[in-house]
1. Look at region 296-307 and say how many of its residues are in contact with a Ser or Thr (Cβ under 7 Å, 6 or more places away or on another chain), outside any loop (DSSP other than H, G, I, E, B) and touching a residue at least 60 places away in the same chain (Cβ under 8 Å).
2. Here are some residues: Val239, Val177, Val181. Which one is out of contact with any Gly (no Cβ under 8 Å at 6 or more places or on another chain), part of a helix (DSSP H, G or I), β-branched (Val, Ile, Thr) and surrounded by fewer than 22 Cβ atoms within 10 Å (Cβ to Cβ)?
3. Please work out which residue is farthest from Gln31 (Cα to Cα), limiting yourself to region 74-109 and to residues that are assigned to a strand (DSSP E or B) and open to solvent by 20 Å² or more (accessible area, probe 1.4 Å).
4. Which is at pLDDT 95 or above and buried (at least 17 other Cβ atoms within 10 Å of the Cβ), of Leu299, Leu287?
5. Looking at (1) at pLDDT below 95; (2) within 19 Å of Ala218 (Cα to Cα); (3) open to solvent by 50 Å² or more (accessible area, probe 1.4 Å), which one does Met1 not meet, given that it meets all the others?
6. Name the single residue, out of those in region 270-284 being in a loop (DSSP other than H, G, I, E, B) and more than 18 Å from Ser99 (Cβ to Cβ), that is least open to solvent (accessible area, probe 1.4 Å).
7. For region 125-140, what are the residues that are out of contact with any strand residue (DSSP E or B) (no Cβ under 6 Å at 6 or more places or on another chain) and part of a loop (DSSP other than H, G, I, E, B)?
8. So, in region 308-333, exactly how many residues are hydrophobic (A, V, I, L, M, F, W, C), under 16 Å from Tyr40 (Cα atoms) and not in a helix (DSSP H, G or I)?
Amino acid sequence: MLAACGSDSEAGADGAVTVVTGWVVQPEFAQVYAAEALGYYDDAGLDVTIQAGGPEVNAEQLVGANSAQFGVDAGSNVLTSNDIGTDLVSLTQLEQESSLRLLSWAEDNLDTPESWEGKRIGIWSSVNSLYASLAKHGLDRDTDVTLVEQGFDVSQFLNGDVDLASAYAYNEPGQLVQAGVPLEDIAIYNYASDDTETLGLQVFGNGDFVRENPELAADFVAATLRGQIHCRDNPQECVSFVADAGSSMDSDFMLWQMNEMNKSIWSSDLPLGTLDQAAFQQTSDVLSETGVIESAPDLDELMRTDVYDDAVTRVGDVDLTSATFEPLPNVSP
């Protein structure tokens, strides 16, 4: 896989770069598919290859090895990856509030971390807030709960194989609705209620590559921000870009997901992509104080605000705020 994605010497030649998404082709990553389809990367002089993530494709590992130069994934994964030796830098923060959630059946009353003891919890690689919450409440994740690798869908939860399922607000709740489950039957736990919320979706880069090519990095970020803005204003068209890129989801679900993703990304008063010191400090504190990472990162090294600021200049006179955002009405999965 690493060889197929290119080598250090090839990266950046004639603007050729690879971006890896944190998961399979879906509207969560519509910004890069829109930027490619609309020619924003071409306009910036970039030849961008988009590689979809998945169970066997780890964006942080590939970018850390400079087999890809950029990635789009949960910001907490960048911190945990750097903690074990990669050199990644954060370039723009697309979600100021994390969409990570934990689902359970409302009738089971599993609405506090203390109530999770002895339960089976579905996990992915990005559930760092769960680990932080367990530690904060004195629960050993190896002995006090049973962690179960969770698949693509909610079948394990529906079949009773897990008591609690990891979820993103723009995905798994919609899958349950599609399966005929009334949302009032589901308890949706938000880690923000426990102060263990961590950074959501961001664009990150290989540290060495960005240090050597800051202008190219700013070009990439600017084009990606333009893609995200287009998806704010044209969600249906962005769904078509995702479909053309190979998504296997049905169109109604993708439109619902795009709408929910927009609600999350445009929920903040901060301009799109802002690298907010307080949010990064919150994630650093949560992960380091609960032992999810061994060492707190140097945020001045991690946060490439210079690249983001340069990218904003390149975007030009475009509204980066949520002032004009209106979610689509009456959209359901």
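The values are calculated or read from the model by the stated rules, or taken from the named source; none is laboratory data. Computed from a prediction, not measured in an experiment: that's the story for all the values here. Note that each Cβ is placed from the backbone with ideal geometry, even for glycine, and that neighbours are counted across all protein chains shown. The accessibility values were calculated without ligands, DNA or RNA, using every heavy atom of the protein model including side chains. Shrake-Rupley method; radii C 1.70, N 1.55, O 1.52, S 1.80 Å.
1. Applying the first criterion (in contact with a Ser or Thr (Cβ under 7 Å, 6 or more places away or on another chain)) to region 296-307 yields 296-297, 299, 302-304.
This time we only want the ones that are outside any loop (DSSP other than H, G, I, E, B), so: 299, 302-303.
Going one step further and asking which of them are touching a residue at least 60 places away in the same chain (Cβ under 8 Å), we end up with 302-303.
So the answer is 2.
2. Values: Val239 fails: surrounded by fewer than 22 Cβ atoms within 10 Å (Cβ to Cβ); Val181 fails: part of a helix (DSSP H, G or I).
The match here is Val177.
3. To start, the set of residues in region 74-109 that are assigned to a strand (DSSP E or B) comprises 74, 88-93, 100-105.
Keeping just the survivors that are open to solvent by 20 Å² or more (accessible area, probe 1.4 Å) gives 101, 105.
Working: Arg101: 22, Trp105: 33 Å.
Looking at the filtered set, the residue picked out is Trp105.
4. Values: Leu299 fails: buried (at least 17 other Cβ atoms within 10 Å of the Cβ).
Residue meeting the stated conditions: Leu287.
5. In the conditions (1) at pLDDT below 95; (2) within 19 Å of Ala218 (Cα to Cα); (3) open to solvent by 50 Å² or more (accessible area, probe 1.4 Å), Met1 misses (2) alone.
6. Among those that are in a loop (DSSP other than H, G, I, E, B) and more than 18 Å from Ser99 (Cβ to Cβ), it is Leu275.
7. Our first condition is that a residue be out of contact with any strand residue (DSSP E or B) (no Cβ under 6 Å at 6 or more places or on another chain); within region 125-140, this holds for 125, 128, 130-140.
Of everything in region 125-140, those that are out of contact with any strand residue (DSSP E or B) (no Cβ under 6 Å at 6 or more places or on another chain) and part of a loop (DSSP other than H, G, I, E, B) turn out to be Ser125, His137, Gly138, Leu139, Asp140.
8. Taking region 308-333 and keeping what is hydrophobic (A, V, I, L, M, F, W, C), we get 311-312, 315, 318, 320, 323, 325, 328, 331.
Next, only the ones that are under 16 Å from Tyr40 (Cα atoms) stay: 311-312, 315, 318.
Adding the requirement that they be not in a helix (DSSP H, G or I) leaves 318.
Qualifying residue count, region 308-333: 1.
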